[in-house]
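Below is one structure, written out as structure tokens; the observations come after it.
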2 protein chains.
Amino acid sequence: MTGDLEESARKLLEVVPIIMQDIRSEMRRRRSLDLTVPQFRALAFVNRNEGSSLWEVAFHMGLTPPSMSRLVDGLIERGLMAREDHPADRRRVRLTVTDHGLAILGASTQGTLSYLADKLSGVEADKREVIDKAMETLRTVFATGTRKREVT
Amino acid sequence: MTGDLEESARKLLEVVPIIMQDIRSEMRRRRSLDLTVPQFRALAFVNRNEGSSLWEVAFHMGLTPPSMSRLVDGLIERGLMAREDHPADRRRVRLTVTDHGLAILGASTQGTLSYLADKLSGVEADKREVIDKAMETLRTVFATGTRKREVT
DNA sequence: TATTGTTATACTCTATAACTATA
DNA sequence: TATAGTTATAGAGTATAACAATA
């Protein structure tokens, strides 16, 4: 009884925004750390990719460079990220996560993970495994670098 | 080889924002219709629940009433939604989707569904079924009305 | 007094357009 | 000329605080 493609799409479009909203609210609720989802994602990416350029992070997140520039501004203002010159190419920028940023990132990650784990704790093991597998497939489908550059 | 709870949570936290970002970008790309995800969700909810109060929609979406009020303002300005007095309780408001709103909602839904269906078309049927099942489980886990009211 | 909603204010996210600096 | 990034400007999403109207 496999549904058709559009039915799958419909489920995705129904459920994903609900989860996202929930994650967002949860992150906002922990005021002390208070990272928005985009801030969190940017920090996590730069942490995994020390010395990224602005463009790389923007591309990864599917944002335009100006949007990313502002996002980074905010993180730097709060002392979570640092922006240095790139030694080889002076147009570029080297982004790094500060110690403080790393601490916040870690705490925020743990907090959100605990929250989600708690939510999932009521799900039977086999169903949870189904979720795991689904996420793995979806990750490849919606992989990074998906952003379509405008024809403009 | 079932992973632990936290591993499941980690996958969710990694993948869901990526999908969301993709949906958001896609909706923005179709400028003519140009509904944001929250606008889309609000319209869809009110369409399914003719005559909802502001509070009901806000609760469904996990937003505060002021946020919802503004969101609705925007939809009304664009002629997609209407706000009437509730006959029985004059504090309340009756929200309805206009004909134009319904048309836009339909077109936007179709556009986004086609986009997602296209993305999913490369996925084997059995994996797609796994995704379907995962979404069904996740819908119950993150069901509407999840919003925790602040203790404040 | 409790409920429903709006207004005022303030940030963040995000985009496009226009610009600067470097290659 | 092409690439990397920033600044200017603007609209939407979101929150808290303060308020008005109705029950």
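The values are calculated or read from the model by the stated rules, or taken from the named source; none is laboratory data. Everything numeric in this text was worked out from a predicted model, so none of it was measured. When we count neighbours, we look across all protein chains shown, and the Cβ atoms used for this are built from the backbone with ideal geometry, even at glycine.
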Quiz item: Based on what the data block shows, is residue A:100 within 14 Å of chain B (Cβ to nearest Cβ) and either more than 16 Å from DNA strand D (Cβ to nearest atom) or not in a loop (DSSP other than H, G, I, E, B) (or both)?
Solution: no
Self-check item: Residue identified as more than 15 Å from the chain's Cα centre (by Cα) and away from DNA strand C (no atom under 15 Å from the Cβ) among B:80, B:54, B:95, B:105
Solution: B:80
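Yes or no, residue by residue, for (1) within 30 Å of residue B:126 (Cα to Cα); (2) surrounded by 15 or more Cβ atoms within 10 Å (Cβ to Cβ); (3) among the β-branched types (Val, Ile, Thr):
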| site | (1), (2), (3) |
| --- | --- |
| A:44 | no, yes, no |
| A:59 | no, yes, no |
| A:99 | no, no, no |
| A:104 | no, yes, yes |
| A:138 | yes, yes, no |
Exercise. Spot the failing condition for residue A:108; the list is (1) away from DNA strand D (no atom under 16 Å from the Cβ); (2) at pLDDT 95 or above; (3) in a helix (DSSP H, G or I), and only one is missed.
Key: (2)
Quiz prompt | Scope the stretch A:75-87; condition more than 11 Å from DNA strand D (Cβ to nearest atom) and exposed (fewer than 15 other Cβ atoms within 10 Å of the Cβ); matching residues | solution = A:77, A:79, A:87
Quiz prompt | Per-region count, the stretch B:2-38, residues among the hydroxyl-bearing types (Ser, Thr, Tyr), under 16 Å from the mean Cα position of the chain (by Cα) and more than 7 Å from every other protein chain (Cβ to nearest Cβ) | solution = 1
Quiz prompt | Unmet requirement for residue B:73, which otherwise passes all of (1) in contact with a helix residue (DSSP H, G or I) (Cβ under 9 Å, 6 or more places away or on another chain); (2) within 13 Å of DNA strand C (Cβ to nearest atom); (3) not β-branched (Val, Ile, Thr) | solution = (1)
Practice problem: Quick one: in the stretch B:22-35, of everything that is out of contact with any helix residue (DSSP H, G or I) (no Cβ under 7 Å at 6 or more places or on another chain) and surrounded by fewer than 17 Cβ atoms within 10 Å (Cβ to Cβ), which residue is modelled with the highest pLDDT? | Solution: B:25
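Applying the selection to the stretch B:106-119, what residues are hydrophobic (A, V, I, L, M, F, W, C) and either surrounded by 20 or more Cβ atoms within 10 Å (Cβ to Cβ) or at positive phi (or both)? Give the derivation first.
Step one: of the stretch B:106-119, the residues hydrophobic (A, V, I, L, M, F, W, C) are B:107, B:113, B:116-117.
The answer is B:116, and nothing else.
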Exercise. Pull up the stretch B:44-74, narrow it to residues that are outside any helix (DSSP H, G or I) and of a type outside the set (Val, Ile, Thr), then point me to the one that is nearest to DNA strand D (Cβ to nearest atom).
Key: B:63
